[in-house]
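The values are calculated or read from the model by the stated rules, or taken from the named source; none is laboratory data. Only a predicted model underlies this, so the values are computations on that prediction, with no experimental measurement involved. Glycine also receives a Cβ, built like all others from the backbone with ideal geometry; neighbour counts cover every protein chain displayed. Only protein heavy atoms, including side chains, enter the accessible area calculation; ligands, DNA and RNA are left aside. Shrake-Rupley method; radii C 1.70, N 1.55, O 1.52, S 1.80 Å.
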Amino acid sequence: MKTLVLGPGGREHAIVQALRADPLVSEVRCAPGNAGIAKEVPVYPVDVSSPQLVVELCQELQPDLVVVGPEALLAAGVTNALQAAGFAVFGPTHQAAKLESSKAFAKDVMHAAGVPTGDAKTAVSLEQLETALDEFGAPYVVKDDGLAAGKGVIVTSDRDAAIAHGRDIFSGGDPVLVEEFLDGPEVSVFVIADGTDGVAMAPAQDFKRVFNNDEGANTGGMGAYTPLEWLPKNFTEDVMEQVARPVLKEMVDRGTPFTGVLYCGLTVTDKGIQVIEFNARFGDPETQPVLARLKTPLGQLLKAAADGKLRATFPSVTFHEHSAVGVVMAAEGYPEAPQAGAQITGVADAAKLEGVSILHAGTTAGSSGEFTASGGRLLTVVATGDDLAAARDTAYAAVEHISVPNGHYRTDIAAKAINGDITIPGA
Ligand code: AMP
Ligand code: GLY
């Protein structure tokens, strides 16, 4: 099977590596990829946000399966264009990707499907915004209704800050969503969906805030780990029953079946599982540790989903017993204003540690054979180990080998889980 992965980040690097490990995958290519991916497979410097250019690339490469990474490509209709040209695609159409690109749409689907989620109000004026804030009370949750790459949200007890954030969103032309605050630990579950059916990947936990102890601004994600031993028994099956299957059915009923990753962003509250958001793709950086544990061959799994034959081929997905931890190394100034140009050294040394893989995102190849920072999140350092503590120790040992001048990373990824400090409210 010939495969093509679309996207530039750490998630795509992890997908590339997992596809290469599938014995039935004969070829892996990536567009545009990045400096790390280019060391492993052929990459094509194509503007993949253009459906037309992606179709032309596929006509040249003739892949048996195209895997779409980022949400922007899905929202731009890359899947629609590829399907119209006769290619098998893992990733939803732009109609189905509205589960991510419009939070109001996602709420509407959840209500229709009876899926547990916090109450929300859409505001299009300052007056409506203030009314909604006062109805829900503090802490206030204020979101951009459009695509904001995980960064359009503020959670604050400061009413003025909540209003200021709402004004910012209005000035960008989007409606504002005000939500009930959901209290509890967060979990990401990727459900591989084939249009009617789905299978869940192992749950992971992401670290969205930029600094230790969940302080500072929201980012795309600063690290992740799996498994989550603190979850209630049957958690994954509950997510399938209460969330994924009803949503997939609702999407079929609406005539826009969902094929791809239904990323369920969940909070485990005293009232049970609540959906915070859906994404229509693999999460970054959760994918990096999750795929480090995947036993099921990824290429065959995603092809079965793209062909609508999941149940017949892979009624479940299997994972290695070992744990995996991923630590994101970011550039100076990320997330507000990432600075390009830092010379990254030590990557090759770090990669020699047993169980470590270094997945690239915003790097370019430097002339000296090392790498230069050219984005916000630069690397995800992933390590596996017999348990979370071992995986975490190895991941940070690898991080220590790498130097990103003025860069930063969190030092507490997976720490609370290892120390038994994660509690579910009311449990
Ligand atoms: P989102 O872009 O909707 O994923 O939100 C980003 C982050 O903001 C989430 O991962 C949570 O940490 C936080 N957040 C979003 N919605 C809520 C909510 N209703 N209650 C509490 N925290 C939230
Ligand atoms: N890690 C969060 C996301 O991919 O949206």
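Here are some notes:
- With respect to being under 22 Å from residue 218 (Cα atoms), of a type in the set (Asp, Glu) and in contact (Cβ under 8 Å) with a residue 12 or more places away in the chain, residue 119 fits the description.
- Each residue in segment 284-296 was checked for being assigned to a loop (DSSP other than H, G, I, E, B) and either within 11 Å of ligand 2 (Cβ to nearest atom) or touching an Asp or Glu at 6+ places or on another chain (Cβ under 7 Å) (or both), and 3 pass.
- Counting only strands (runs of 3 or more DSSP E) that fall entirely inside segment 337-427 and contain at least 1 residues that are over 21 Å from the mean Cα position of the chain (by Cα) and over 13 Å from residue 324 (Cα atoms), the qualifying elements are 363-365, 371-373.
- Residue selected from segment 339-390 under the condition without any contact (Cβ under 8 Å) to a residue 40 or more places away in the chain and touching a Ser or Thr at 6+ places or on another chain (Cβ under 7 Å), by the criterion nearest to residue 287 (Cα to Cα): 355
Quick grid of which residues meet (1) at pLDDT 95 or above; (2) small (Gly, Ala, Ser); (3) closer than 23 Å to residue 74 by Cα:
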residue: 128; (1), (2), (3): yes, no, no
residue: 131; (1), (2), (3): yes, no, no
residue: 144; (1), (2), (3): no, no, yes
residue: 163; (1), (2), (3): yes, no, no
residue: 170; (1), (2), (3): no, no, no
residue: 198; (1), (2), (3): yes, yes, yes
residue: 207; (1), (2), (3): yes, no, no
residue: 212; (1), (2), (3): yes, no, no
residue: 219; (1), (2), (3): no, no, yes
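- Residues that are touching a strand residue (DSSP E or B) at 6+ places or on another chain (Cβ under 6 Å) and open to solvent by less than 50 Å² (accessible area, probe 1.4 Å) within segment 32-42 comprise 33, 34, 35, 36, 37, 41, listed in sequence order.
- Number of positions in segment 59-78 that are within 18 Å of the chain's Cα centre (by Cα) and in a helix (DSSP H, G or I): 5
- Segment 240-283: number of residues that are in a strand (DSSP E or B), of a type in the set (Val, Ile, Thr) and in contact with a strand residue (DSSP E or B) (Cβ under 8 Å, 6 or more places away or on another chain): 7
- Conditions (1) open to solvent by less than 30 Å² (accessible area, probe 1.4 Å); (2) of a type outside the set (Phe, Trp, Tyr); (3) within 13 Å of ligand 1 (Cβ to nearest atom); number of the one not met by residue 180: (1)
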